[in-house]
Amino acid sequence: MADNLIQKKGESTWYVRLAVPADLQKAIGCKVRIQSLKTGLRKQAMDARLPYLTQWKAEFAVARTEAQIRKENWRPELAEWGSELDADTVSHFMEVTKRNSRKINELSPEETEDSEENNFAIMSAAANQLEAAGVIGVIDFLNESLARMPSNPLERVQHVAQVNREIMLKVIAADYGLTPLEVAEGQAIALDPTVLKPKSPITSARLKTYREFRESRGGAPKHIDQQVGKMERLSDFLKKEGLPLNFDTVDAWLKSLDRAPATLGQYLMAGTALWKWAMKYDAAWREEYKDKVNPFVAHELPQGGGSETAGKDREIYTRADTLKLHQAALDNGDKPLADLIALGWYTGARIEELCRLNRDSVITVDGIRCFDFPKSKSKASKRVVPIHPSLTTTIDRLCEETTDTFLIPTSSHDHYGKRSHAISKAFGRLRTTAGFSKLHVFHSFRHTVVTELIRADVPDALAKELVGHETGSVTHDVYSKGASTAQKLTAISKLPALKAELPIDVTTTC
């Protein structure tokens, strides 16, 4: 029956039949799925059977997944049950002691047997229900335990508690289908529930599914890695401390991080992103936290603190600063870094934009040589910017010297494909050695260029167009085609030259 088709005796009608895997029969509620295809033609039956087989196999897959997820709950359920039993046992000791001022070891069996026999009566009724549900051997076990009831009052209380533990384990083992090895582990948990610490719900498998979801929605790899990494750190914290996921444990985690408020806010945003995804797409998570609020919201973050640059504006580079950095790079024998610094001064472009410039990025528009910057960060980042007259000699040289078409050679790039990774680190080291603060970063050149353009009376909209910022004006951003190439050349030429140079023919091409 490889095609899953059968005909019942005496019938011409075809049926589709699929055996339910043994481990799923209890969840599915039957041993076999069978459905009439309402046709006596085998060819039609072959086509008609497929939707049923697809649906049934999907049901099996869901049932198996739910069973696997559910089985993960047996340890915490057993530990919780055991903790309640411990509390009940202590309460029973207190109750017996309260009824009689003498030490419990001095009480007669008659003074405690009513309470213990009542407990056994309750357990006996439960045992009958368990036997009816398929948990075999509970009644025999209970009767044998009753026959071994000690006469010492203290031992009687302990004996009842132990019987309760054994029955509790039998129920869990039958309910979850535990293996012998898992039953042995369960005995240790039943005996001492504290040996089991809560497991983090932020499992590796769950984070893998979350990552795949984010990737399928076109998320930036670096952003996804950062958010998943933050949740991995939270999961490690919960596992190490043996804590559940709730507002208080998230608060404790944040305090353990010793990060700036802005950074802590990013951790909370990462947590909220995971929470929203799980509540919508993860059935097990949704069931576990259905009556819980998002533990990543409403936190009061500390004010101040963090890094020395937190909350401070970046500094700009003056012409003297830039000459100092440029010469320091040359003194170190790092000509690519010196060229990158010059490009930053004359364009105000982002470091990754500059590192992605290649021969094809140098174009001529209206007879004027320009950089063609593709879209990077926003719609406005796609722009054409005339090359500053003082930069043309450098661009000619870079076009001639390149071995891979890129104007700025880099030794390596990171696994996100960023070409600027290594040279950005080199610039940071150079800046520090040259005595500049952490408020001076490569991005400061953007601040410098905007400042210089404004001081040179370049209109605000044109300055923003040159550096790739949106103006915030519907008229300009939506309807205007922007300044002419000649207007942009006039504006960019107002940036001060780093060195006195002779005029260059701006129509030269790569």
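The values are calculated or read from the model by the stated rules, or taken from the named source; none is laboratory data. As the structure is a prediction and not an experimental result, all values here were calculated from the model. With ideal geometry, Cβ positions are generated from the backbone for all residues, glycine too; neighbour counts draw on all protein chains shown.
Just a few scattered comments:
- Complete set of residues in the stretch 195-213 that are in a helix (DSSP H, G or I) and in contact with an Asp or Glu (Cβ under 9 Å, 6 or more places away or on another chain): 204, 206, 207, 209, 210, 211
- Single residue of the stretch 260-271 satisfying the filter (part of a helix (DSSP H, G or I) and either small (Gly, Ala, Ser) or not assigned by TED's automatic domain parsing to the domain that holds residue 223 (or both)) that is farthest from residue 228 (Cα to Cα): 262
- Residue match in the stretch 6-23 (condition: modelled with pLDDT under 80 and under 30 Å from residue 175 (Cβ atoms)): yes
- Residue in the stretch 35-57 that is among the small types (Gly, Ala, Ser) and modelled with pLDDT under 80 present: no
- Candidates 274, 301, 245 - the one that is over 30 Å from residue 436 (Cα atoms), modelled with pLDDT of 95 or more and either assigned to a loop (DSSP other than H, G, I, E, B) or outside the structural domain of residue 437 (by TED's automatic domain parsing) (or both): 274
- Residue match in the stretch 137-155 (condition: at pLDDT 75 or above, basic (Lys, Arg) and surrounded by 14 or more Cβ atoms within 10 Å (Cβ to Cβ)): no
- Residues that are surrounded by fewer than 14 Cβ atoms within 10 Å (Cβ to Cβ) and under 15 Å from the mean Cα position of the chain (by Cα) are absent from the stretch 256-265 altogether.
- Those residues of the stretch 267-288 which are out of contact with any helix residue (DSSP H, G or I) (no Cβ under 7 Å at 6 or more places or on another chain) and either surrounded by fewer than 14 Cβ atoms within 10 Å (Cβ to Cβ) or without any contact (Cβ under 8 Å) to a residue 40 or more places away in the chain (or both), in sequence order: 268, 269, 272, 275, 276, 280, 283, 287
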